[in-house]
Amino acid sequence: FHKSLKPHGLMLLNIFTTDDPHFGKGKKIGENTFLEKNIMTRFATIDDIYILLKNFEIICIDKIKHKDLPHVKLFPRQKEHWHDSWFVLARKK
């Protein structure tokens with residue numbers, strides 16, 4: 001993200017939390033990372049967010065529970081379901 005943005009550029013991220021109902025589903029392939037039906041999903045703690053965005057000014061961070069619509073057949077979840085996500089607005093320093 002850092003290379004893609006101009007100085008002071010903004011980005012909005014949606015990152016699954018480790019409280020997400022789907023955390024731990026599938027085969028564990030790394031820290032907080034799982035493979036389910038050939039789809040890799042990584043989940044983040046608040047500390048992970050601050051480490052990931054160390055070169056950014058975090059303007060706003062909020063944890064939100066939201067409904068997700070069914071996915072196409074290739075994805076594991078084909079029914080309406082819920083996620084817990086970090087929504088982060090950050091600015092490149």
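Results, tabulated for the structure shown:
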| read-out | value |
| --- | --- |
| When residues of the range 22-31 are limited to those that are touching a strand residue (DSSP E or B) at 6+ places or on another chain (Cβ under 6 Å) and in contact (Cβ under 8 Å) with a residue 12 or more places away in the chain, the one least open to solvent (accessible area, probe 1.4 Å) | 26 |
| Checking residue 78 against (1) modelled with pLDDT of 95 or more; (2) part of a loop (DSSP other than H, G, I, E, B); (3) among the polar types (S, T, N, Q), the condition it does not meet | (1) |
| Filter pass, residue 84 being in contact with a Lys or Arg (Cβ under 6 Å, 6 or more places away or on another chain) and open to solvent by less than 70 Å² (accessible area, probe 1.4 Å) | yes |
| Selection count, the range 15-40, where residues are modelled with pLDDT under 95, in a strand (DSSP E or B) and either under 19 Å from residue 82 (Cβ atoms) or not hydrophobic (A, V, I, L, M, F, W, C) (or both) | 2 |
| So residue 49, is it closer than 14 Å to residue 85 by Cα, touching a helix residue (DSSP H, G or I) at 6+ places or on another chain (Cβ under 7 Å) and open to solvent by less than 100 Å² (accessible area, probe 1.4 Å) | no |
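Residues checked against (1) among the acidic types (Asp, Glu); (2) under 19 Å from residue 90 (Cβ atoms); (3) surrounded by 12 or more Cβ atoms within 10 Å (Cβ to Cβ):
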position	(1), (2), (3)
7	no, yes, no
15	no, yes, yes
38	no, no, no
54	no, yes, no
71	no, no, yes
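The values are calculated or read from the model by the stated rules, or taken from the named source; none is laboratory data. This structure is a prediction, so every number in the text was calculated from the model and none was measured. Neighbour counts run over all protein chains shown; Cβ positions are idealised from the backbone, glycine included. The area values use the complete protein model at the heavy-atom level, side chains included, leaving out ligands, DNA and RNA. Shrake-Rupley method; radii C 1.70, N 1.55, O 1.52, S 1.80 Å.
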